[in-house]
Amino acid sequence: MTQVFGEDGAVQPATVLNVEPMVVMGVKTKEKGGYEAIQVGAGTRRAKNISKAVMGQLKDLGLPVDTGVAAVREFRTENSGLSLNRGDKISLETFAVGDKVAVSAISKGKGFQGVVKRHGFHGGPRSHGQKHSEREPGSIGGSGGRAGGRVAKGMRMAGRMGGDRVTVKNLKVVAIDLESNTLLISGAVPGRRGTLVEIRG
């Protein structure tokens, strides 16, 4: 992350994203696939690490023979007004400064965490009569009533935290650098350094 100063002098936090050019690998239509979408490939990967099925899709797209794409994603195009064909390139020029975008990615994995960190529980009171229970969840109400002697579904308890697909909406494109293929987006986006991020307008 970094910070960007606006024309009025106000500072704004921003995330720097590296945007590599993408190639359209396939186009789905309502007649053939039942819905409208495009399949895009991004990044580079050694050919020996890619399945023959994916390499078959790439053979006539003009990519280097010994490399393929690192990731393939599909995006719905209904009511988007896009008219892309197989082999077209998608670059940073698709975006403009001031555009509102939604960013999706896999969030940072944090391992097994307790209820205080995972769900924001306050823990027990730090007063007389407490022993090692400052961060415990307390009663889960499983003896009767709605639960009937079992743990009710959706009960907030300790467990694996992070590693979920997270979408942040209404982020603004702050700056675009075509020379270095970088995009600055206001605020924080999910994921760690190196995470594959989806940006939708």
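Where a number appears in this text, it was derived from the coordinates with a stated rule and is not lab data. Quick caveat: nothing in here was measured; it's all calculated off a predicted structure. So basically every Cβ, Gly included, is an ideal-geometry build from the backbone, and we count neighbours across all protein chains shown.
Computed on alpha carbon atoms, what radius of gyration and Dmax characterise the stretch 96-184, expressed in Å?
According to the Cα coordinates of the stretch 96-184, Rg and Dmax are 21.1, 64 Å.
Taking 0.36 nm per intervening residue step and subtracting the Cα-Cα distance, what contour gain separates residue 59 from residue 164 on full extension?
Numbers: separation 105, 0.36 × 105 = 37.80 nm, distance 3.35 nm.
Full-extension gain reported as 34.4 nm.
Between 149, 111, 98, where does the largest GNM mean-square fluctuation fall for the chain, given springs only between Cα atoms within less than 10 Å?
Looking only at 149, 111, 98, the largest GNM fluctuation is found for 149.
With 10 angstrom as the radius, rank 60, 99 by how many other C-beta atoms surround their C-beta, starting from the fewest.
60, 99
Let me have the relative contact order for the stretch 20-90, percent, based on Cα pairs under 8 Å that are six or more residues apart.
44
For the chain, set up a GNM with springs between Cα atoms under 10 Å and report which of 21, 13, 125 has the largest fluctuation.
So, out of 21, 13, 125, the one fluctuating most is 125.
Taking the Cα centre as origin and putting +1 on Lys and Arg beta-carbons and -1 on Asp and Glu beta-carbons, what dipole magnitude results for the chain, to the nearest 20 debye?
The dipole magnitude comes to about 1420 debye.
Identify, among 5, 18, 49, the residue whose Cα sits farthest towards the positive end of the charge dipole of the stretch 1-53, taking +1 on the Cβ of Lys and Arg and -1 on the Cβ of Asp and Glu, with the dipole about the Cα centre.
49
What is the distance in Å between the Cα centres of the stretch 92-113 and the stretch 1-49?
Taking the Cα centre of the stretch 1-49 as reference, the centre of the stretch 92-113 is 10 Å away.
Note the direction-averaged projected area, equal to a quarter of the hull surface, for the Cα convex hull of the stretch 20-90, in nm².
4.8
Take the residue pairs 100/153; 28/52; 59/108; 48/172 and return only those whose Cα atoms are more than 31 Å apart.
100/153; 59/108; 48/172
Tell me, what are the semi-axes, in whole angstrom and largest first, of the equivalent ellipsoid of the chain as set by the roots of 5 times the Cα gyration tensor eigenvalues?
After diagonalising the Cα gyration tensor, the semi-axes are 43, 25, 17 Å.
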